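Below: one structure, written as structure tokens.
Laboratory data are not the source of any read-out in this text; all were calculated from the coordinates shown. Quick caveat: nothing in here was measured; it's all calculated off a predicted structure. We place every Cβ from the backbone using ideal geometry, glycine too, and count neighbours over all the protein chains shown.
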Amino acid sequence: MKIGVFDSGLGGLVIAKALIEALPQYDYVYFGDTKHLPYGEKTAGHILKYTLDAMRFLINQDCRLIIIACNSATAVCLRYLQKRFCPKYAPDIKILGVIIPTVEEALTFNTEQIGVVATPTTVRSDIYAVELKKIKSDLNVFSLATPTLVPAIEKGDFDLAEKEVIRYSQKLKHLPVLILGCTHYPIIKDLFHKHLPNTHIIAQTELMGKKLADYLKRHTEIESKLSQNQSRQFFITKKTEGYLNVARLIDSDIDLKLF
Ligand code: DGL
């Protein structure tokens, strides 16, 4: 049984890469729904439908453990998947998201204020503020939707991405800690570092590997079922403009198959 990694596009490849680097022994299947990207501006109903299709695909590919690398899909669907879908249709499958591990990491900084940049869907769900405040109720959470970044990154237009980071940074300068709450943003984390030099930037690529390793240590009933042949398969649903440029930034030999 393999580990599935799901994202709405190519951004999740950086999360997959971080997981593979931390835990190279396992078999991985990546599914990027480039055809329906961006999820960050779709309705909850659409996101749920696409995410369910992705879950079925990954389960058919023998995935026993699925990581939803997409923050928007985690925000909208994870609870439903864990409480309704899995118990009824996939009782042996574990589905995990990226938001709780990120919240745990952010709270290791002893600060009064934390910022979050994410898609409009994630910001609208308020999930980061809700989860952060469950643990630290007096925390001040500043969330900002940054919708122009994903299209620029998917196209591989990093000049445009930098212009947009500069523009958004005007509203973020005061923050001691900033969560990059979108799969795509670790690709441009250096731009955030450059334009917010006094802010601690939290990138999911830097925490998901250790969080998954820790999870598997605590859940030997799942770990013992994972196959260890070091196989990797990458599927996308559409060859979009510039998709190879972005994919190759992440892995120069990547073999992306169309599903
Ligand atoms: N993967 C999405 C997320 O992390 C960003 C891209 C999109 O809008 O689909 O929220």
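The alpha-carbon of Lys225 sits under 13 angstrom from the alpha-carbons of these aspartates and glutamates, leaving out residues fewer than 8 places away in its chain: Asp27, Asp62, Asp92. Tally Lys and Arg at +1 and Asp and Glu at -1 over the other residues with C-beta under 13 Å from the C-beta of Leu10: what net charge comes out? Summing Lys/Arg as +1 and Asp/Glu as -1 gives +1. Model label points for Thr43 and His219, set 7 angstrom from Cα along the Cα-to-Cβ axis, are 3.2 nm apart.
Scaled to the globular estimate 2.2 N^0.38 Å, the Cα spread of the chain, given as radius of gyration, is 0.95. With both labels modelled 7 Å from their Cα along Cα-to-Cβ, the Ile135 to Leu160 distance reads 3.6 nm.
Taking a sphere under 14 Å around the Cβ of Glu241 and counting the other residues whose Cβ falls inside, with K and R at +1 and D and E at -1, yields a net charge of +2. As a length-normalised measure over Cα pairs under 8 Å and 6 or more apart, the relative contact order of the chain settles at 28 percent. Taking every C-alpha pair closer than 8 Å and separated by at least 6 residues, the mean separation divided by the residue count of the stretch 152-259 gives a relative contact order of 28 percent. Charge tally around Arg79: other residues with Cβ under 15 Å, Lys/Arg +1 each, Asp/Glu -1 each, net +3.
Only Lys, Arg, Asp and Glu carry charge here, each on its Cβ (+1 for the first two, -1 for the last two); on that basis the stretch 157-259 has a dipole of about 280 debye about its Cα centre. Between Ser252 and Asn110, the simple spin-label model (points 7 angstrom out along Cα→Cβ) gives 4.5 nm. Counting 0.36 nm for each residue step from Leu52 to Ile100 and taking away their Cα separation leaves a gain of 15.2 nm. A straight Cα-to-Cα reach below 16 Å connects Lys163 with the aspartates and glutamates Glu154, Asp190, residues fewer than 8 places away in its own chain not being considered.
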